[in-house]
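In what follows, a structure is listed as structure tokens, so that the remarks can point back to it.
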């Protein structure tokens with residue numbers, strides 16, 4: 001059984017071309033610098049055009065990344081931390097967005113003090 005990290009950013013103002021380019025560069029860098037051997041699944045951002053219609057507060061970034069199920073729990077946590085660090089950089093680009101990040105049924109909240117997403121139970 002595999003688990004996935006899900007992420008959504010919403011705001012009333014659509015994503016700008018510059019923000020989109022910055023997000024794409026961050027994702028590309030994280031995929032290229034992946035330090036845990038062969039890349040199991042790259043950081044996935046869904047196409048946003050279908051999501052924009054009829055939403056008051058538009059989804060400006062939405063995606064999911066499957067984590068490997070055939071590795072040790074420690075390595076799986078390290079990989080999750082890697083993608084959470086990617087999300088932290090994306091949050092810095094989309095500063096005024098409202099984020100929802102979760103690993104299947106575990107929510108992650110933004111911790112301003114530590115500048116990262118932490119499990120809801122930790123905050």
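The values are calculated or read from the model by the stated rules, or taken from the named source; none is laboratory data. Only a predicted model underlies this, so the values are computations on that prediction, with no experimental measurement involved. Glycine also receives a Cβ, built like all others from the backbone with ideal geometry; neighbour counts cover every protein chain displayed.
Return the residue satisfying two criteria in turn: it lies in region 81-105 and is more than 27 Å from residue 18 (Cβ to Cβ) and in contact with a strand residue (DSSP E or B) (Cβ under 6 Å, 6 or more places away or on another chain), and of such residues it is surrounded by the most Cβ atoms within 10 Å (Cβ to Cβ).
103
Filter region 59-107 down to residues that are under 9 Å from the mean Cα position of the chain (by Cα), under 13 Å from residue 2 (Cβ atoms) and in a helix (DSSP H, G or I), then give me how many there are.
Within region 59-107, residues that are under 9 Å from the mean Cα position of the chain (by Cα), under 13 Å from residue 2 (Cβ atoms) and in a helix (DSSP H, G or I) number 0.
Can you report the number of residues in region 35-58 which are closer than 18 Å to residue 94 by Cβ, more than 13 Å from the chain's Cα centre (by Cα) and either modelled with pLDDT of 90 or more or surrounded by 10 or more Cβ atoms within 10 Å (Cβ to Cβ) (or both)?
Counting residues in region 35-58 that are closer than 18 Å to residue 94 by Cβ, more than 13 Å from the chain's Cα centre (by Cα) and either modelled with pLDDT of 90 or more or surrounded by 10 or more Cβ atoms within 10 Å (Cβ to Cβ) (or both) gives 6.
Out of region 1-34, which residues are part of a loop (DSSP other than H, G, I, E, B), modelled with pLDDT of 95 or more and under 26 Å from residue 107 (Cβ atoms)?
Matches in region 1-34: 34 only.
For residue 68, work out the one condition from (1) surrounded by 15 or more Cβ atoms within 10 Å (Cβ to Cβ); (2) closer than 29 Å to residue 12 by Cβ it doesn't fulfil.
(2)
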